[in-house]
Amino acid sequence: MRHESAAVTELPISPEQERRSRMIKYVVAMTIRVVCVILCVVVKGWWLVLPILGAVFLPYFAVVIANAAGPRTTRRVARPGAVVKVTRRDRDA
């Protein structure tokens, strides 16, 4: 009796890779926030509103984006130990 083996492409993303992806997204957003804070010192006039808004609202959006679920592609995950009926003849062989 031959069983199908699971392809690596059918397996979900590992927790380490998911965590790394979320951290990269968060660090990029926080880097943009630091740039916004620096621009608050440099920019004059009504343009000052834009970096202030970025510095205030980016932390919220950074957390939401970083914690968002991964890719929406649904991949079939093969069950590793499929239930197979074993007969007495199979056990004796």
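Numbers at a glance
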{"quantity": "Qualifying residue in the range 19-30 (condition: modelled with pLDDT under 80, surrounded by 10 or more Cβ atoms within 10 Å (Cβ to Cβ), of a type in the set (Gly, Ala, Ser) and within 12 Å of the chain's Cα centre (by Cα))", "calculated": "no"}
{"quantity": "Meets criteria (modelled with pLDDT under 80, within 24 Å of the chain's Cα centre (by Cα) and hydrophobic (A, V, I, L, M, F, W, C)) for VAL77", "calculated": "yes"}
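The values are calculated or read from the model by the stated rules, or taken from the named source; none is laboratory data. Values in this document were obtained by computation on a predicted structure and should not be read as measured data. For neighbour counting, all protein chains shown are included, and Cβ atoms are generated from backbone atoms with ideal geometry for every residue, glycine included.
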